[in-house]
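Novice: Questions regarding the structure given below will be posed in turn.
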Amino acid sequence: MSKPAGVSSENYLCHAERASLSFRLDWPFRPASSGATSTFSTLEITLENSGGLRALVAVNLSVTLREVLPSLDAKDAEAPVITLYARMWTATD
């Protein structure tokens, strides 16, 4: 079941060597208003124990990615989105 419009997901924590991040994804994914075929939502990433340092990220799903996900419901889309951004944070050069 998808979450109602305007409802954020719970916070999820990612612990890495650098620091801990929390993630909150706003639901539902919405079609882009520019006429593009992408679907988007916003993700708030907060650096824990930083006094509120955070980043707002636009999450865009292409048609190809939408086709591989079983649905755009939270139960199917939330984990891949959060995993992607968590891996970007923990990646080393």
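The values are calculated or read from the model by the stated rules, or taken from the named source; none is laboratory data. Worth saying up front: this structure is predicted, and the values here are computed from it rather than measured. Ideal geometry is used to build each Cβ from the backbone, glycine not excepted, and the neighbour counts take in all protein chains shown.
Novice: Restricting to the range 35-93, and then to whatever is β-branched (Val, Ile, Thr) and under 13 Å from LEU21 (Cβ atoms), can you tell me which residue is modelled with the lowest pLDDT?
Specialist: THR90
Novice: Another question, then. Scan the range 68-93 for residues that are within 26 Å of GLU48 (Cα to Cα) and either exposed (fewer than 11 other Cβ atoms within 10 Å of the Cβ) or hydroxyl-bearing (Ser, Thr, Tyr) (or both) and jot them down.
Specialist: If the condition is that a residue be within 26 Å of GLU48 (Cα to Cα) and either exposed (fewer than 11 other Cβ atoms within 10 Å of the Cβ) or hydroxyl-bearing (Ser, Thr, Tyr) (or both), then THR83, TYR85, MET88, THR90, ALA91, THR92, ASP93 are the ones that fit.
Novice: Within the range 12-25, work out how many residues are in contact with an Asp or Glu (Cβ under 9 Å, 6 or more places away or on another chain), among the hydrophobic types (A, V, I, L, M, F, W, C) and either outside any loop (DSSP other than H, G, I, E, B) or modelled with pLDDT of 85 or more (or both).
Specialist: Final tally of qualifying residues: 4.
Novice: Could you say which residue among PRO28, PRO70, PRO80 is assigned to a loop (DSSP other than H, G, I, E, B) and within 12 Å of the chain's Cα centre (by Cα)?
Specialist: Sole residue among the options that is assigned to a loop (DSSP other than H, G, I, E, B) and within 12 Å of the chain's Cα centre (by Cα): PRO28.
Novice: Pull up the range 31-67, narrow it to residues that are of a type in the set (Ser, Thr, Tyr) and not in a loop (DSSP other than H, G, I, E, B), then point me to the one that is farthest from the chain's Cα centre (by Cα).
Specialist: Among those that are of a type in the set (Ser, Thr, Tyr) and not in a loop (DSSP other than H, G, I, E, B), it is THR64.
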